[in-house]
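> Got a structure for you, questions after.
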Amino acid sequence: MKKRFILALMVSVFLTGCRTEASAINGSRAGEEIATDAVDILGADASLASNSENSESGEDGASEEVDEEKYGSYEQFIDDIRYCVEKGDLKGLDVSSNVYNTYRSEAEDLRYGYVIRDLDGDGIKELIIGANSCIKDTDIPGKDRYHTLIFDIFTLQESVMVHVLKSEEDETYYFGTDGTIIKEDSKPSTMPSKSVLEVATFYKFVNDELEVVEGLRDEYLVNTEKIRYFYSDESPYWDTTNEISYDKWMEIVDKHGNEYVKFTDFVDPKRTGRKASVYIREREEDYQDSRMQYKWRDYIVFYSDKTGIHNSGNESDYWFVWNDERIQYDNDPSQAIKYFIKDDVLMLGDTEYTLAQ
């Protein structure tokens, strides 16, 4: 079975005055370009101090306890984050650094923002900080199944803001459609017979805590190129006593779903001014790339400057130019393909796409 691994966008930031040095690894673009794009997530020359830097500087590095006691409401904290994002410097704020570590397509923006909602129905609303992945120059979610990411969750206890969740580098949190919060954690296995261990834990937010509902553990076996699936309602990372079928695995994944939640952006996203028409199709793919959410969207974007982007499954993004009859990939006449549009339907060869509203 063909395995695909998501390349994480890694950005290391070192402060020297107001200067930021970023580095990134990605097979499709030059490192300095990706580093610049990652910095653009914060709208300026972004800088985020490491924990060691914070601990060494008493002036800049406040402890989590100090941060929590400082805020008696979300409004001031949101204003402080917005100010730091506009300035391009998150140093000193007790927030997750995963905004820097998150993979994104060249055709999409990762927009840092927040939403306020009551997660457990106790009448006290939580502050959730995260990001949306949107197709460039639009507000339409991208193809990626992880279009809404959760980095931090805060709540109020006796009028004091408390940090409930701070996501770590190897963790991916997002909303389920059934009210759960889902965490995925992918790590290499320590056993030689396996190469990838993927764990999904489904939580309910209860009494200001994430409480385990159930979970899935997947093991990719190198020698046989097979995947084994396990279920647990207590400790999915370690529990291998209940092996399940792929069909049962899909049933559990579908039960919890994957909810798109629109965040309020801390800063307005950068736009080129181009208009865009986006056509999408829903698709499924067997579990083969070490990610739990096997349903996603392909899309084709026609920009008003006669350029476009075609995204298909796990493949790369294909840029093209277009006229009223054809799209031409990589500016190569031999790669021209006819298309036609009727009402809200685009036909590209035998494949049908629908206009995104």
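The values are calculated or read from the model by the stated rules, or taken from the named source; none is laboratory data. Everything numeric in this text was worked out from a predicted model, so none of it was measured. All Cβ positions, even for glycine, are placed from backbone atoms using ideal geometry, and neighbour counts span all protein chains on display. All accessible areas refer to the heavy atoms of the entire protein, side chains included, with ligands and DNA or RNA removed. Shrake-Rupley method; radii C 1.70, N 1.55, O 1.52, S 1.80 Å.
> Gln293: modelled with pLDDT under 90, open to solvent by 80 Å² or more (accessible area, probe 1.4 Å), in a loop (DSSP other than H, G, I, E, B) and closer than 21 Å to Arg145 by Cα, yes or no?
Numbers: modelled with pLDDT under 90: yes; open to solvent by 80 Å² or more (accessible area, probe 1.4 Å): no; in a loop (DSSP other than H, G, I, E, B): yes; closer than 21 Å to Arg145 by Cα: yes.
Answer is no for this residue.
> Quick check: anything in region 221-235 surrounded by 14 or more Cβ atoms within 10 Å (Cβ to Cβ) and either closer than 26 Å to Gln357 by Cβ or under 23 Å from the mean Cα position of the chain (by Cα) (or both)?
no
> For Ser195, indicate whether it is modelled with pLDDT under 95 and within 25 Å of Trp296 (Cα to Cα).
Yes, satisfied.
> Return the total of residues in region 202-220 being in contact with a Pro (Cβ under 7 Å, 6 or more places away or on another chain) and open to solvent by less than 10 Å² (accessible area, probe 1.4 Å). Talk me through it step by step, then tell me what you get.
First, pick out the residues of region 202-220 that are in contact with a Pro (Cβ under 7 Å, 6 or more places away or on another chain): 215-217.
Keeping just the survivors that are open to solvent by less than 10 Å² (accessible area, probe 1.4 Å) gives 215-216.
Counting residues in region 202-220 that are in contact with a Pro (Cβ under 7 Å, 6 or more places away or on another chain) and open to solvent by less than 10 Å² (accessible area, probe 1.4 Å) gives 2.
> Here is a list: Ile129, Ile116, Ile124. Which entry is surrounded by fewer than 23 Cβ atoms within 10 Å (Cβ to Cβ) and not in a loop (DSSP other than H, G, I, E, B)? Steps first, please.
On the way: Ile129 fails: surrounded by fewer than 23 Cβ atoms within 10 Å (Cβ to Cβ); Ile124 fails: not in a loop (DSSP other than H, G, I, E, B).
Checking each option against the conditions leaves just Ile116.
> Moving on to the next point. Run Ile337 past the list (1) β-branched (Val, Ile, Thr); (2) over 19 Å from Gly142 (Cα atoms); (3) under 28 Å from the mean Cα position of the chain (by Cα) and report the number of the one that doesn't hold.
Single failed check for Ile337: (3).
> If we keep just the residues of region 311-330 that are assigned to a loop (DSSP other than H, G, I, E, B) and at pLDDT 90 or above, which is least open to solvent (accessible area, probe 1.4 Å)? Before you say what the answer is, go through the steps one by one.
Step one: list which residues in region 311-330 are assigned to a loop (DSSP other than H, G, I, E, B), which gives 312-316, 323-325, 330.
Checking which are at pLDDT 90 or above leaves us with 323-325.
Numbers: Asn323: 78, Asp324: 124, Glu325: 119 Å².
Across region 311-330, the extreme among qualifying residues is Asn323.
> Got a number for residues in region 331-344 being open to solvent by 50 Å² or more (accessible area, probe 1.4 Å) and assigned to a strand (DSSP E or B)?
5
> I would also like to ask the following. Before we move on, is Val199 touching a Pro at 6+ places or on another chain (Cβ under 6 Å) and more than 30 Å from Glu86 (Cβ to Cβ)? Can you show your working first?
Details: touching a Pro at 6+ places or on another chain (Cβ under 6 Å): yes; more than 30 Å from Glu86 (Cβ to Cβ): yes.
Yes; evaluated as a whole, the condition is true for this residue.
> Quick test for you: out of Lys262, Lys270, Lys255, pick the one residue that is open to solvent by 60 Å² or more (accessible area, probe 1.4 Å), in contact (Cβ under 8 Å) with a residue 12 or more places away in the chain and assigned to a helix (DSSP H, G or I). Quick ask: steps written out before the conclusion?
Values: Lys262 fails: assigned to a helix (DSSP H, G or I); Lys270 fails: assigned to a helix (DSSP H, G or I).
One residue alone meets the criteria, Lys255.
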